[in-house]
Structure formats: structure tokens, C-alpha cells
Amino acid sequence: MGCSSCSTNKSGVPNGCKSNGNCGTGTCGSGNKLAVFDWLSNMTLPTGEAPFNIYEVRFKNGRKHFYKSTEKKHNISMGDVVAVEGNPGHDVGVVSLAGELVKVQMKKRKVALDSPDVKKIYRKATQKDIEIWNTARDRELETQRKGREIISKLGLKMKLSDVEFQGDGNKATFYYTADDRVDFRQLIRDLASAFSIRVEMKQVGMRQEAARLGGVGSCGRELCCSTWLTDFRKVNTAAARYQQLSLNPLKLAGQCGKLKCCLNFELDSYLDALSSFPKQDVVLKTEKGDAIFVKMDIFKKLLWYTYKEEKFKWYKLSLDQVNEIIDLNENDDLGAPLEEYEAEIAEEIKIDFENVVGQDSLTRFDTPKKPKRNRNRNRRKGTNQKRTGNNPSNRAKKGEQKNIPKQGGSSNNKNNKGNKPAGQTQNKKNNKQNQKQGQGQKQNQGQKKSQNQKQGPKQNSSNNKKPNNQRRNKRRNSGNNNNAQKNKQ
């Protein structure tokens with residue numbers, strides 16, 4: 001894997017910018033596992049000093065060794081594919097580091113300059129060497145699959161994690177993990193006869209296996225052990241306790257099955273912060289009773305205590321207040337109740353987000369939404385009203401009411417305010433008048449003629465008014481009168 005401007009092929013050789021490992025990302029030519037950037041590559045050596053003749057060569061999955069070049073004609077630089085001394089035969093690798101920084105790496109790994117582990121570089125790899133190397137690497141997956149089948153047939157309690165072929169294809173190294181010691185003498189015979197190669201078994205730990213295979217951690221980044229971490233320190237559960245973490249093995253364990261290495265990264269800062277805190281088993285003696293420790297916030301310097309008799313209520317105290325109560329208890333004095341100490345703490349409101357530009361707040365989705373029941377009811381009422389108004393039966397009723405003439409003429413008449421038909425109203429009025437006249441004649445047969453003469457002109461005037469109104473309405477609305485006649489019939 002290379003940077004965006006310089007890709008690499010299957011063997012890890014750069015294909016793009018040909019910077020030979022000198023790009024700023026540090027991944028070009030040296031791979032993404034334990035890559036080292038040569039920041040001294042652009043600097044010239046002092047006059048009269050020869051360049052350092054030992055190089056760091058990288059093999060599969062970040063395996064690195066130091067090799068010495070005895071000939072000056074090689075002109076080796078970072079990213080070159082070289083053929084080095086093997087056991088037996090030769091191996092092929094990529095130069096990951098050259099120059100003065102190799103001295104620093106050798107000192108870090110405690111490798112002496114004249115150590116027998118520093119083997120020779122034969123030459124730069126030819127095209128034939130690279131072809132044999134590529135064919136050998138293509139056999140690794142199939143060899144690993146068949147090797148696991150042979151292990152399962154023999155019933156050995158071991159896990160074959162990786163297979164690495166030597167550059168000349170005559171030797172293969174089998175990496176495995178096991179909890180106990182394994183007798184694999186028969187396994188070596190079966191593997192050698194099955195693949196016709198020389199077999200070497202090498203046991204690695206769980207952490208070394210994860211470093212070789214690589215992966216992505218729970219943080220979303222590549223594993224530290226496969227990118228930059230070289231020394232594997234022991235991780236204890238005490239590191240999680242100091243950092244106030246829950247002892248959940250599912251969250252604290254990494255892909256290797258062991259505790260995560262990152263638990264040790266911030267442990268020193270937590271230990272420095274905890275140096276001023278009292279021990280958790282210290283009991284605070286107050287006027288209200290004894291208080292015990294519950295939890296703490298290390299960097300905010302806050303502690304929570306509760307009474308032994310009233311454990312349902314927690315009281316937040318500052319570190320200075322707790323030390324004050326401890327000093328009083330050492331002088332055989334009781335501290336004030338925890339309620340008074342808690343009331344003295346003033347919390348400062350910190351504004352984490354300011355709406356400077358006018359964008360929406362980050363907590364706009366935290367408030368619960370109002371129920372939509374009332375809105376649905378109102379919508380249903382509106383739809384029901386619309387449905388009743390759009391029914392054809394209601395339309396017909398409205399049409400009939402529009403066609404029925406009103407009292408005294410059409411709706412255009414301002415004087416006619418009645419909603420009933422004119423024929424019905426006239427018949428009712430005539431019937432009432434006739435009844436009144438009949439009763440008046442029966443009851444008032446012996447009355448005076450003057451009274452009859454008074455009632456006569458009134459009735460005549462009323463009877464004379466009706467036909468005049470009807471004539472006016474007939475002239476204005478002849479169509480409405482025809483409908484009224486049909487209703488009478």
C-alpha cells in the first residue's frame with residue numbers, strides 16, 4: 001500500500017513517483033507496517049566519511065533484518081529489491097531503511113555491528129529473481145490451507161496463522177500459536193513430503209500474530225502493533241482500574257484476545273493526577289455520620305461520597321473539601337455534614353457551542369417532539385366536513401333549496417326575507433283569516449253593525465294588499481311563480 005502519488009505493486013516496489021521511499025508519508029517502498037521515514041536522506045555526509053554499509057531489509061508482514069553490503073558497486077537505496085543471504089539459499093526483500101538512521105535502529109534492537117546475525121547482501125535482484133519470488137508468494141495461501149488440513153488430521157492443538165516462503169522457493173516458514181507445548185515432529189515430515197520443501201516451524205504469541213496479520217481496531221484505525229509499536233509491554237487490569245474503566249473483557253480486549261496495548265499509553269498521566277487524591281478506603285467522619293467513597297472524576301478533581309446509613313443519596317465534593325475533612329478527622333474533630341460542603345461548590349456553565357454564523361444548534365434533536373394526536377383529529381374533522389360537502393345527495397338538497405322560491409319573490413328582492421315558498425305562506429294566512437272570520441261571525445251575531453263595518457274595511461285592505469304584492473312578484477319573477485303553482489298542485 002502506498003501514498004496517493006506513489007502506488008506499490010504486489011511485492012511492495014513503488015510504481016509511481018520513483019522516490020524510493022523518500023516521500024513525506026513514509027509509506028512509499030517501505031510498506032505501511034512499521035514504516036520509518038529517512039529524514040536524513042537529503043543531507044550530505046561530511047567530507048572524507050564513507051556511507052554506512054548496513055541496510056535494513058523488510059520481508060513479508062513487517063519482518064525486518066539487517067544486512068551488510070561488502071561491495072561499493074551496489075549503490076543500494078531505499079525501495080530497491082535485493083537478494084540477501086538465506087539459510088539455505090537466498091532470500092528476496094525490499095530495503096526499508098538506509099544511511100545513518102540504521103545505526104539508531106540497531107542500537108534500539110541491541111544488535112552489534114559485528115554480530116553474526118548481520119548477513120550479506122548478494123546483489124540487486126534480477127528479473128529472474130523477482131519472478132521466482134512472485135511465484136513462491138502465490139503458493140502461500142494454498143500451502144496454508146493444506147497445512148491446516150494436515151494439522152486437523154493429526155489432532156494437534158495449535159493454530160497455523162501464516163506461511164512465508166523464502167525468495168528462492170526452497171524453504172517455507174510456518175508461524176503458529178499454541179497455549180501448550182506441541183510435538184510437531186510428525187507434522188514436519190508430512191508437510192515436507194506434501195510440498196517438497198524445507199519446513200521451519202516458528203511459534204509466535206497472540207500479540208505477534210496480530211502484528212503480522214494486521215487489522216483495524218475498535219477506534220477505527222490500524223492496529224498499533226502493526227504500524228508503529230515495536231515493544232510489547234505487559235498490560236494488567238490495574239491499568240483499567242486506575243483509569244476508572246469498567247472491567248469488561250469484551251471492551252478491554254483487542255483482536256489478539258489480550259488486553260489492549262493502548263491502556264498503557266495514558267497510564268502515567270493518570271498516576272500523576274492520582275498522586276494528590278486520598279485512598280478510596282478512607283472513611284470521612286462528619287457530624288451526621290460516616291461517609292464512604294463512591295466514585296471520582298480525576299481531571300475535574302471531584303469526588304462523590306455517601307453516608308453508610310443513607311446510601312441512596314450521593315454528595316459531590318471537591319478534592320480540597322475532602323482533604324479538609326480528613327485533616328479534621330486526624331485532629332479528632334468531626335467535619336460538617338456533606339450537604340453544606342456540596343452547597344459551596346459552584347458549577348460554572350461552559351458554552352461548548354456558539355451559534356456565531358446562525359446555523360442550527362447541535363442539541364436540536366435532543367428535545368422530544370410533541371404528540372401529533374390533536375393534529376390528526378383536526379385533520380380528520382376537516383376531511384369529514386369536506387366529504388359531507390362533496391356528497392351528491394347534499395348537492396341535490398342544496399339545489400332544491402335554491403330552486404324553491406322564497407316568500408315575496410326571488411333572492412334578489414331585498415324586501416323578501418322569508419325562506420318558505422310563497423304559496424304555502426299565503427294558504428296558511430288565508431286559512432287563519434277564514435277561521436277568525438268564522439269564529440267572529442258565530443260569537444258576534446248579536447253585535448252591532450258598527451263593529452262589523454270596522455272589521456270589513458280592514459279585511460278588505462289586507463286582501464287588497466296581497467294580490468298587489470303577487471302581481472309585482474309575477475312581473476319580476478315569472479319563472480318562480482310557475483314553480484310555486486306546480487307546488488300548489
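The values are calculated or read from the model by the stated rules, or taken from the named source; none is laboratory data. Here the structure is a predicted model, which means the values were calculated and not measured. Methodologically, a virtual Cβ is constructed for each residue, glycine included, from the backbone with ideal geometry; neighbour enumeration extends over all protein chains shown. In case anyone asks, the SASA skips ligands and DNA or RNA and just uses the protein heavy atoms, side chains included. Shrake-Rupley method; radii C 1.70, N 1.55, O 1.52, S 1.80 Å.
Quick notes
- Of all the listed residues (LEU271, LEU245, LEU263), the sole one being part of a loop (DSSP other than H, G, I, E, B) and of a type in the set (A, V, I, L, M) is LEU245.
- One residue alone among VAL182, VAL95 is under 21 Å from LYS64 (Cα atoms) and of a type in the set (Val, Ile, Thr), and that residue is VAL95.
- The residue list ALA239, ALA211 contains one member that is modelled with pLDDT under 90, in contact with a Leu (Cβ under 8 Å, 6 or more places away or on another chain) and either assigned to a loop (DSSP other than H, G, I, E, B) or open to solvent by less than 80 Å² (accessible area, probe 1.4 Å) (or both), which is ALA211.
- Residue under evaluation GLY93, criteria (1) at pLDDT 90 or above; (2) more than 45 Å from the chain's Cα centre (by Cα); (3) not hydrophobic (A, V, I, L, M, F, W, C), criterion not met: (2)
- For the condition within 41 Å of the chain's Cα centre (by Cα), of a type outside the set (A, V, I, L, M) and at negative phi, THR126 does not qualify.
- Residue selected from the stretch 179-206 under the condition over 16 Å from GLU142 (Cα atoms) and assigned to a loop (DSSP other than H, G, I, E, B), by the criterion most open to solvent (accessible area, probe 1.4 Å): ARG181
- In the stretch 38-71, the qualifying residues are those that are hydrophobic (A, V, I, L, M, F, W, C) and surrounded by fewer than 18 Cβ atoms within 10 Å (Cβ to Cβ), and the one that is nearest to the chain's Cα centre (by Cα) is TRP39.
- Leading residue by the ranking (nearest to SER69 (Cα to Cα)) among those in the stretch 113-144 that are at pLDDT 90 or above, open to solvent by 50 Å² or more (accessible area, probe 1.4 Å) and in contact with a helix residue (DSSP H, G or I) (Cβ under 9 Å, 6 or more places away or on another chain): ARG123
- Every pair of residues 6+ apart whose Cβ atoms lie under 6 Å, when the first sits in the stretch 206-232 and is over 14 Å from ALA35 (Cα atoms) while the second is open to solvent by 70 Å² or more (accessible area, probe 1.4 Å) and among the basic types (Lys, Arg): MET206/LYS258
- Failed condition for ASP168, given (1) in a helix (DSSP H, G or I); (2) surrounded by 14 or more Cβ atoms within 10 Å (Cβ to Cβ): (1)
- Qualifying residue in the stretch 150-158 (condition: of a type in the set (Gly, Ala, Ser), under 18 Å from TYR55 (Cβ atoms) and modelled with pLDDT of 90 or more): no
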